[in-house]
Amino acid sequence: MGQAGWKGLFQSLFDYKTEKYVVAKNKKVGLLYRLLQLSILLYLVVWVFLVKKSYQDIDTSLQSAVVTKVKGVAYTNTTALGERLWDVADYVVPSQGENVFFVVTNLIVTPNQRQGTCAEREGIPDGMCSQDSDCRAGESVIAGHGVKTGHCLRVGNLTRGTCEIFAWCPLETQSRPTEPLLKEAENFTIFIKNFIRFPKFNFSKANVGQMDNRDFLKSCRFSSKNRYCPIFRLGSVVRWAGNDFQDMALEGGVIGIHIEWNCDLDKDASECNPHYYFNRLDNKHTTSVSSGYNFRFARYYRDPDGVEFRNLMKAYGIRFDVIVNGKAGKFSIIPTVINVGSGLALMGAGAFFCDLVLIYIIKKREFYRDKKYEEVRLVGLTLMVQGGWSPA
Amino acid sequence: MGQAGWKGLFQSLFDYKTEKYVVAKNKKVGLLYRLLQLSILLYLVVWVFLVKKSYQDIDTSLQSAVVTKVKGVAYTNTTALGERLWDVADYVVPSQGENVFFVVTNLIVTPNQRQGTCAEREGIPDGMCSQDSDCRAGESVIAGHGVKTGHCLRVGNLTRGTCEIFAWCPLETQSRPTEPLLKEAENFTIFIKNFIRFPKFNFSKANVGQMDNRDFLKSCRFSSKNRYCPIFRLGSVVRWAGNDFQDMALEGGVIGIHIEWNCDLDKDASECNPHYYFNRLDNKHTTSVSSGYNFRFARYYRDPDGVEFRNLMKAYGIRFDVIVNGKAGKFSIIPTVINVGSGLALMGAGAFFCDLVLIYIIKKREFYRDKKYEEVRLVGLTLMVQGGWSPA
Amino acid sequence: MGQAGWKGLFQSLFDYKTEKYVVAKNKKVGLLYRLLQLSILLYLVVWVFLVKKSYQDIDTSLQSAVVTKVKGVAYTNTTALGERLWDVADYVVPSQGENVFFVVTNLIVTPNQRQGTCAEREGIPDGMCSQDSDCRAGESVIAGHGVKTGHCLRVGNLTRGTCEIFAWCPLETQSRPTEPLLKEAENFTIFIKNFIRFPKFNFSKANVGQMDNRDFLKSCRFSSKNRYCPIFRLGSVVRWAGNDFQDMALEGGVIGIHIEWNCDLDKDASECNPHYYFNRLDNKHTTSVSSGYNFRFARYYRDPDGVEFRNLMKAYGIRFDVIVNGKAGKFSIIPTVINVGSGLALMGAGAFFCDLVLIYIIKKREFYRDKKYEEVRLVGLTLMVQGGWSPA
């Protein structure tokens, strides 16, 4: 290529090549195309930009810290325990105030258990016996409470009895409570402090920050009218989750306290506020064997001779899971360009669809097909224009 | 503009403009384009729609509640502890039945520790001494157990000894166990209740819901044949995770119990079932100093004089992390349109590639280039058609 | 259609149809288009490929297990507790070594509380009284410590007093500490073992794996020079989080220890290393009522007569949340094709913009408009070429 050639090449580099269009004076297809354009534009503006806010850069990696504190006391007077007052250290497990905590509402205490031998409870198939050979010494009772000693214990002259076992004796009684011990737990309160941070935008906030009034935090209660108070009455939380507190206190269950931070950081920071909602996480309508929530724990003591004994507690209660979710958005040029670009690309799909209508469906399709497709064929160097069947 | 002009403008608004194509009767490039079209179509149909199900709206923000319950007893007879039976309240820490729990399989008990003075353990560099001045009073032993009192304790007439320290005495013995104390933990069972909810579709399910038979839940065990039973034998879980239970019981470790909910809500709710899999989360082949899993805790007592003493427990065991993942999909028009649209946009890339072949690679490229690019130049108002070098 | 017709149809199926372009010898628009092309190319190469690595398949579903172990002892000598040595079992709650743990730095002990009656603390509005009728028997004191017995206790001949309550007596004193009890906690260390796995790529790694030297792990400390040592001094962690340890020890707080795994699995596995950073998760500048971190727990004892009593502890301290994040990427053909495709589709948007300039903005727009839009009209079968107003 000579110097002139290079110059031509360089000049042609800045020629602008634009697609040649055929204007089809067909009002139907024209209208269809404009309608498609309009829907894509509407979709872009309304859905992509206004609803989804796709012009924003999104941070979903919320850093959250939850600190909870339960308050309240309850008084009980039972034959087993006598007069007793329950405070936070007694009924909240674990006590550290994390995002998952358990409030005991009912308790079956089996006091003064010691390592020893006693009869296995009735109703456990593997613990039933009619003679000593049914209780192989050293074997543990399947789904039972201890290890068989080799003796079959029969009361009076019954033919069937239960194996003697080595266990923590006496065994827990099987009686189910008919009403919750800590009925008053309904009036306990939970104070939830939630600190969040969106690392991408270096934005921090707390759900307790906006209250500069110390007394407000001392006396307020969360309600539909008071949506920024972070103190929740237990009974109300359970009711908002669609359950009755006294029902739930009896058998136990799991309540989710959801905190949602959905922040538009293009607006003022004071408009970034949490929304709370509550639901029951476990399903109360499952089979009876799996309903409710309870667990066993023990407190260990020593008698003056140094022998260990324990109080076994079967605690029923409500577990609260504080679950924090959130995302923040802020205007950013890159997602804006991408979304406008892909919206325009969608217009191409609209044109593709209208072309199909123009070339294959309407009456004068053959005419438009000939105009749209300019056929070229290499015959010497003559150009032949010819109509024909031409799929897109 | 006159009235006629506005009318023309309005009419031309509904003219349909379609791109003009040049039909190149070149079978090679034509075939190439059809192949590209076919692959994009295949990719769209097979990968995007059938495999990835991109026509669905996806909810990945699973709400999950896990309730666990371990069952089983173990009997031990050691010189240190005598005959002893272990039940759930003894070996599960924490006891609340959350998604992370620890089953003690081995225990080194240091009973009756009291605040007092004793000799630091040997083998701790900072605790070694040959004279009193090596033990600065009030300084704590680095990586040791207490605070130096200022005396160097030497046994007999050895020249080297260890500092006297103020600590919980006697100190824990360093002997490592050679076999697990609670070997029988292999037969313990875990009952895992998992309740999930996909908030976007308001769909709830539990892994225990489908069993209407109460007896089934009492006796079943999870296995490859019985994939919907939520009761797991500890030994089997460890084996499925690729480990030997007795090995792991000795040193401890962390096992992940993964529950995956992958639900197609276009199908029936009964087809949305969890899949379980198990793996070991900690790496057993790390350096010896960091292998295994153990922690220390204490039980505090008072003697009749009111002086506090404690039993220090170094517990080895297996931590189980129940990890729930999931997503649900349901047909939605918006992702369907988006995905079809961007599939069609990909065809444009195919055409771009074929154009490059047509214009720059094949033999008759110059001819096609002239036909594709219609050059216009402003000379007065004459139109000049001219061939030339024209990059795309 | 005859046999010839089918043959023609089949042949035309492999005709290649390429868009016809009009070459506009307008250097300004040409330059604009080339600039747009260049920016899109740059965006594709630099942002999409080099920065975002969009040619990779991404796994964000990190499986992580964290095992922590705190070490260190502290000596205190107070009038309330006498000489006392604190070790791990005393000051870490919970003791299991999970990813969230609490180190007690300050403690208010209320020893020997028993169920009984005493006066409510002053300063609680609902507990104040001037006569017995102000204290309705059986009612619990709002925000107080027990249940009213019906008596109003007045000291000497004051007119105002507090109600007598049934509670755990004596009550906790309200005095706030002025300096932390466990000042020495600053020198405690945390050993964090973190095991991760990217399930999609079946890639596992630990933050302790690379140290084959056992002694290194025994003596190293994490610092800016030693970024792979997983042992952290408490005081340093708090300092890196931007706080003073002694300040924080007094009132308590929450520190986040973030571990980030950002792995490019196209590189060698040894280049996949964690990055640590630290911040304070709770906000210390909130209202005084909600600052700090403390909780109450109790240790229960029995006296020789079997009567229960407890030591109530109000623990202030620092909660450490170990938060693991991560993602891994590996080359994959599908995201590469998608991203190249949508980059090319963006070029269409560039052409659209340049067309607008060519047809509506530049001087010779009418000329180019006529060339770009070839108007066809159905008059018999004659073709009329005509200029006019034609929006894109």
For segment C:150-222, just list the percent of Cα-Cα distances falling in each 10 Å bin from zero outward, please.
12, 20, 15, 13, 13, 12, 11, 3
Folded to 0 to 90 degrees: helix B:27-42 orientation relative to chain B principal axis, Cα:
40
Can you give me the solvent accessible area of A:Ser236 with a 1.4 Å probe, rounded to the nearest 10 Å²?
10
Of every Cα-Cα pair in segment C:1-77, the percent that sits beyond 14 Å:
83
Which peptide among A:223-229, A:144-150, B:72-78 comes first, and what is the full order, when sorted by highest mean count of other Cβ atoms within 10 Å?
A:144-150, B:72-78, A:223-229
One decimal, nm, nearest first: from C:Trp6 to the same residue in each other copy, label points 7 Å out along Cα→Cβ, the values are 5.9, 5.9
Given all pairs of distinct Cα atoms, segment B:190-344 yields a Kirkwood Rh in Å of 19.4
Nonlocal amide H pairs with B:Leu81, under 5 Å, H built at 1.01 Å:
none
Dimensions of chain B along principal axes (Cα, Å, largest first)?
118, 65, 51
Helix-only mean residue ellipticity at 222 nm, the protein assembly as shown, DSSP H runs n ≥ 4 weighted -39,500 (n - 2.57), per residue, nearest 500. What is it?
-6500 deg cm²/dmol
Percentage of interatomic Cα-Cα distances in segment C:110-191 larger than 20 Å
43
Result for interface chain B to chain A, accessible surface buried in total, 1.4 Å probe, Å² to 100, stands at 6700
Peptide B:291-301 - average C-beta neighbours from other chains (10 Å radius)
6
Rounded to whole Å and ordered largest first, report the semi-axes of the equivalent ellipsoid of segment B:283-352 derived from its Cα gyration tensor (root of 5λ).
64, 20, 9
Between A:Tyr16, A:Tyr277, A:Tyr360, which gets the highest mean-square fluctuation from a Gaussian network model of chain A, Cα cutoff 10 Å?
A:Tyr16
Shielding of B:53-59 by partner chains, average beta-carbon count, 10 Å:
0
Taking the label point 7 Å from Cα along the Cα-Cβ vector, the copy-to-copy distances for C:Arg239, listed from shortest in nm with one decimal, are 5.4, 5.4
Kirkwood Rh (inverse of mean 1/r, distinct Cα pairs), the protein assembly as shown, angstrom:
35.8
Cysteines of the protein assembly as shown without any disulfide-compatible partner (other Cys Cβ under 4.7 Å) are A:Cys354, B:Cys354, C:Cys354
Note: A:363-369 gets an average of partner chain Cβ contacts (10 Å, Cβ to Cβ) equal to 1
Once you sort the root eigenvalues of the Cα gyration tensor of segment C:57-153 as a ≥ b ≥ c, which label holds: rounded (a/c under 1.5), prolate (a/b larger than b/c) or oblate (the other case)?
oblate
Accessible area (Å², 1.4 Å probe, nearest 10) - B:His151:
90
Could you check which residue among A:Lys205, A:Lys27, A:Lys53 shows the biggest mean-square fluctuation in a GNM of chain A with a 10 Å Cα cutoff?
A:Lys27
Could you check how much of the accessible area of the protein assembly as shown is carbon and sulfur, as a whole percent, using a 1.4 Å probe?
55
If one computes the Cα centroid of segment C:334-374 and of segment A:5-32, what distance in Å separates the two points?
9
For a quick check: with amide H placed at 1.01 Å from N, whose amide H comes under 5 Å from B:Arg280's, ignoring anything fewer than 5 positions away on the same chain?
B:Gly256
Could you work out how far the C-alpha centroid of segment A:122-143 sits from that of segment C:183-252, in angstrom?
52
I need the phi-derived Karplus couplings for segment B:233-247: 6.51 cos²θ - 1.76 cosθ + 1.60, θ = phi - 60°, integer Hz, Gly and Pro marked x.
7, 4, x, 5, 4, 5, 5, 4, 7, x, 10, 9, 4, 5, 4
Can you give me the relative contact order of chain A as a percent, contacts being Cα pairs under 8 Å and 6 or more apart?
20
When only C-alpha pairs under 8 Å and at least 6 residues apart count, what is the relative contact order of segment C:292-358, in percent?
23
For label points placed 7 Å from Cα toward Cβ, what is the shortest-first list of nm distances from C:Asp305 to its copies?
2.2, 2.3
In Å², and per residue, what accessible area does chain A have when probed at 1.4 Å with the other protein chains present?
47
Residues losing 20 Å² or more accessible surface upon assembly, segment A:338-356, compared with the chain by itself, 1.4 Å:
A:Ile338, A:Gly341, A:Leu344, A:Ala345, A:Leu346, A:Ala349, A:Phe352, A:Asp355
Of B:Trp86, A:Trp240, ordered by accessible area with the largest first and a 1.4 Å probe, the sequence is A:Trp240, B:Trp86
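The values are calculated or read from the model by the stated rules, or taken from the named source; none is laboratory data. The model shown is predicted, which means the values in this text are computed figures rather than measured ones. With ideal geometry, Cβ positions are generated from the backbone for all residues, glycine too; neighbour counts draw on all protein chains shown. Ligands, DNA and RNA are stripped out before the accessible areas are found, and what is left, the full protein with its side chains, is counted by its heavy atoms. Shrake-Rupley method; radii C 1.70, N 1.55, O 1.52, S 1.80 Å.
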